[in-house]
Amino acid sequence: MTSTALTVQQTARPTGFPTPDDFRFAESPVPTPAPGTALVENLYWSVDPYHREMMDGDFELNSPLEGRSLGRIIATRDPVALPEGEIVFHRQGWRTHAVVRPAEVRRLPRYEGVPLSAHLSLLGGTGLTAYVGLTRIARLREGEDLFVSAAAGGVGTATGRFARLLGAGRLIGSAGTAEKVRYLTRQVGYDAAFDYHDGPVADLLAKAAPTGIDVFVDNVGGEHLGAAIGALRERGRVVRIGTVGQYNTPDAPPVAFNHADMVEKSLRMEGFLVRDHLDVQEELYEFAVPHLLSGALALDETVVDGFERIVEAFLLMLRGGNTGKILVRRSPNL
């Protein structure tokens, strides 16, 4: 076992897009667990859009960053609750090693044939966000037409795949490159997709969905949100998940849409935080695992190898360089 641990710390509040200079890697001795705790060696790390928003004030400067992670317990002072060798999920990510208490981890079920990485993508917070958005917030009904922004990202691909299995009608997605558009229609199962750089989103959406949509799952905000509200049919729903299009542009103009549509079409808009729906986790397993094992459901992941590349992976994600959920893996031998 190595004697040195690495953590990533934020050193400055970025203006606009973060840069590598806003972070640093700090070395320290591998920590020793106290009674009632265990030492975890991390195997996978999640980098997520919400980290960018937290950089503006939630993360403490010059302290280890938090984040979702999967790791193996390598030393324990509580062998009953935290047995050595167990794989656990926790939120003390962005570091190679973490000391955890039983209440800070979730012991993961292992499904033969399901990759471990799935617990940070389709079976993790990404998939849970998509599943809750469809089943609890949108209350998607069979045959309803769906539009998803940032559809080639982690939540967007999960939303498309889950919606198809839940019986959605027509699926439309937006993405940032022609390559991602092709991926959505050829791999994920979207019926139509467009590159939002190709023109006004309202015009592109009208062409892709000429008769309108029933549900909009929004990961972007801005122009996408305004366009979708105009395209929604009577009793349409907007599921607000994120505003990634504005995280790095705080001076972006407010969303423009016809506010009368909200009343005249009896629309509903609702946002949510997945942490308020952790009770749905077991239901997600019951829904998704059989489809993963049968091949009806596939993982959409961009995997970056090496903890030393975690900042690189984060910045890549913010600039749309990933397809599906982006993960950092300790080594390709996992």
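The values are calculated or read from the model by the stated rules, or taken from the named source; none is laboratory data. On a predicted model such as this, the values are computed, not experimentally measured, just so you know. Here the Cβ positions follow ideal geometry from the backbone for every residue, glycine too, while neighbour counts run over all protein chains shown.
Here are a few things to note about the model shown:
- Test result for ASP214, surrounded by fewer than 19 Cβ atoms within 10 Å (Cβ to Cβ) and of a type in the set (Asp, Glu): no
- Residues of the range 247-262 include none that is outside the structural domain of TYR44 (by TED's automatic domain parsing), exposed (fewer than 12 other Cβ atoms within 10 Å of the Cβ), in contact (Cβ under 8 Å) with a residue 12 or more places away in the chain and among the acidic types (Asp, Glu).
- Residue within the range 226-236 that is crowded, with 21+ Cβ neighbours inside 10 Å, without any contact (Cβ under 8 Å) to a residue 60 or more places away in the chain and under 16 Å from ARG139 (Cβ atoms) present: yes
- With a requirement of 2 or more residues that are aromatic (Phe, Trp, Tyr) and touching a residue at least 12 places away in the same chain (Cβ under 8 Å), the strands (runs of 3 or more DSSP E) lying completely within the range 2-67 that satisfy it span 23-29, 38-46.
- Residues that are at pLDDT below 90, farther than 23 Å from ARG13 by Cβ and either touching a helix residue (DSSP H, G or I) at 6+ places or on another chain (Cβ under 7 Å) or of a type in the set (A, V, I, L, M, F, W, C) (or both), drawn from the range 210-269: VAL255, ALA256, PHE257, ASN258
- Scanning the range 135-175 for residues that are within 21 Å of LYS207 (Cβ to Cβ), surrounded by fewer than 24 Cβ atoms within 10 Å (Cβ to Cβ) and in contact with a Leu (Cβ under 9 Å, 6 or more places away or on another chain) yields a count of 3.
- Any hit, the range 18-35, residues being small (Gly, Ala, Ser) and either touching a helix residue (DSSP H, G or I) at 6+ places or on another chain (Cβ under 7 Å) or at positive phi (or both): no
- Among the residues of the range 76-106, none is identified as of a type in the set (Phe, Trp, Tyr) and touching a Ser or Thr at 6+ places or on another chain (Cβ under 6 Å).
- Residues that are without any contact (Cβ under 8 Å) to a residue 40 or more places away in the chain, surrounded by 15 or more Cβ atoms within 10 Å (Cβ to Cβ) and out of contact with any Gly (no Cβ under 8 Å at 6 or more places or on another chain), drawn from the range 284-320: VAL304, ASP305, LEU316
- Against the numbered list (1) buried (at least 18 other Cβ atoms within 10 Å of the Cβ); (2) closer than 25 Å to VAL303 by Cβ, ILE74 comes up short only at (1).
- Hits in the range 62-93 (condition: closer than 19 Å to PRO115 by Cα and among the aliphatic types (A, V, I, L, M)): LEU70, ILE73, ILE87, VAL88
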